[in-house]
Amino acid sequence: MARYESSVEILKKLVAFDTTATQSNLELIAYIQEYLERYDIKSRLIYSEDKTRANLWATIGSDSCSGIILSGHTDVVPVEKDGWHSSPWQLTERDGKLYGRGSCDMKGFLAVCLAHVPDFVAAKKQTPVHFCFSYDEEVGCVGVHSMVKELDSLQYTPKLAIIGEPSMMQLIRGHKGKFLIKCTMRGKSGHSSYAPHHVNAVEYAARAITIIADQAKKIAREGPFNSLYTVPHSTLLTSLVAGGVATNITPDRCVFRFEIRNIPEHSSKDVLADMKCRIAELFSPEIKAQFPEAGFDWEMEFSYPGMAIDETTEGYHLVKGINPRVGDCVSYGTEGGIFQEEGKIPAIICGPGNIEQAHKRNEFVAKEQIAQCSEFIEKLIKVL
Ligand SMILES: [Zn+2]
């Protein structure tokens, strides 16, 4: 509890920076950088291409053995126009709760990590601790990739990344991956009374969507399954469709979007490659010969990999030793999958607050959650 007050003080400052995703987070980053400098901790900034946003990576201790990453994103989702009972940019306490945009997702975790910096420094542990604070997580884990790449320069790969997304301070061992694909079907248009002389892109899209729906049913029937998830298998869903311009014109274009959310042990790449082939086969050689413009484009709009911690790893044992409250896997995505897939660093979710309160008006984190997180970090320092 020692650092509860300073955690809230810092959270107040962090919430006051409007770091809505895709906007600049540099003022918040400068604040953190300055704060760390007070304890002689140097930060490395890894900027976005346009230099308006940055990831911050700071290490407490030296790169003399495998360390622990404390990871969080600095951006928040946009504020809803109305319905807030107090300013989203001013941390406000009511009934044991701290209200403000990002209080739960996930500046609360960042604040607790920062509040404990004096303790990390004073403890002089051999195991280094890396703060990895990213930008633009909320728009598809955009920022973190370049920071994970930088981590390659470490001599010792970190043994664990703790992703402080709201989990009510439970250890969350995994989440599904997500791939969003935009598919554009191209046909041949003309007056609808000559329909047999054209290629109807909407009909081709309908057939492609049926392939996706059938694939979803097959997976639900045959698995693979993981009972730690509420929906215990990968899912596919077509969500948006747009095609045609008038009722008397054969549509030559139809765009639809679909997602696959895969359990980590199920390779979505294989599923997608197979479906792409089957959609291509919809266009017969005759159609292709007669209508060279007919076909389709397939574009991955965004993706993040699933996460699944290897429970035999040293890092997992370390955190389980100080926090035995293990939860089920979750349906929301985090940067954990990227640390795991691109950085080869085992990742786990553990952070203050309830995901139910994230991305909503009147977002809050319970004070008791900040206190619990502070206790967790205190225990972590002891076992490093
Ligand atoms: Zn988040």
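The values are calculated or read from the model by the stated rules, or taken from the named source; none is laboratory data. Note that this is a predicted model, so its numbers are computed, not measured. Cβ coordinates were reconstructed from backbone atoms using ideal geometry, including for glycine residues, and neighbour counts include every protein chain displayed. These accessible areas exclude ligands, DNA and RNA; they are computed on the full protein's heavy atoms, side chains included. Shrake-Rupley method; radii C 1.70, N 1.55, O 1.52, S 1.80 Å.
At a glance:
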item: Selection within region 344-356 - within 17 Å of Gly72 (Cα to Cα) and open to solvent by 10 Å² or more (accessible area, probe 1.4 Å); result: Pro346, Asn354, Ile355
item: Filter result for Ser7 (polar (S, T, N, Q) and either open to solvent by 10 Å² or more (accessible area, probe 1.4 Å) or within 19 Å of the chain's Cα centre (by Cα) (or both)); result: no
item: Residues located in region 44-64, provided they are open to solvent by 30 Å² or more (accessible area, probe 1.4 Å), of a type outside the set (Ser, Thr, Tyr) and under 24 Å from Gln155 (Cβ atoms); result: Arg44, Leu45, Gly61, Asp63
item: Count of residues meeting criterion [touching a helix residue (DSSP H, G or I) at 6+ places or on another chain (Cβ under 7 Å) and open to solvent by less than 10 Å² (accessible area, probe 1.4 Å)] in region 333-342; result: 3
item: Any hit, region 140-156, residues being open to solvent by 70 Å² or more (accessible area, probe 1.4 Å), without any contact (Cβ under 8 Å) to a residue 40 or more places away in the chain and more than 29 Å from Cys113 (Cα to Cα); result: no
item: Residue check for Gly295: more than 22 Å from His130 (Cα to Cα), under 22 Å from the mean Cα position of the chain (by Cα), open to solvent by less than 20 Å² (accessible area, probe 1.4 Å) and touching a residue at least 12 places away in the same chain (Cβ under 8 Å); result: no
item: Failed item in (1) touching a Cys at 6+ places or on another chain (Cβ under 9 Å); (2) more than 16 Å from Ser71 (Cβ to Cβ); (3) open to solvent by 10 Å² or more (accessible area, probe 1.4 Å); (4) within 15 Å of the ligand (Cβ to nearest atom), with Ala308 passing the rest; result: (4)
item: Looking only at region 160-185, and only at residues there that are among the basic types (Lys, Arg) and crowded, with 20+ Cβ neighbours inside 10 Å, the one that is farthest from the ligand (Cβ to nearest atom); result: Arg173
item: Qualifying residue in region 326-337 (condition: among the acidic types (Asp, Glu), modelled with pLDDT of 95 or more and at negative phi); result: yes
item: Total residues in region 72-107, condition away from the ligand (no atom under 15 Å from the Cβ) and open to solvent by less than 10 Å² (accessible area, probe 1.4 Å); result: 1
item: Residue check, Leu14 within 16 Å of the ligand (Cβ to nearest atom), of a type outside the set (S, T, N, Q) and in a helix (DSSP H, G or I); result: yes
item: Single condition Ile41 does not satisfy, out of (1) within 30 Å of Ile381 (Cα to Cα); (2) in a loop (DSSP other than H, G, I, E, B); (3) open to solvent by 20 Å² or more (accessible area, probe 1.4 Å); result: (3)
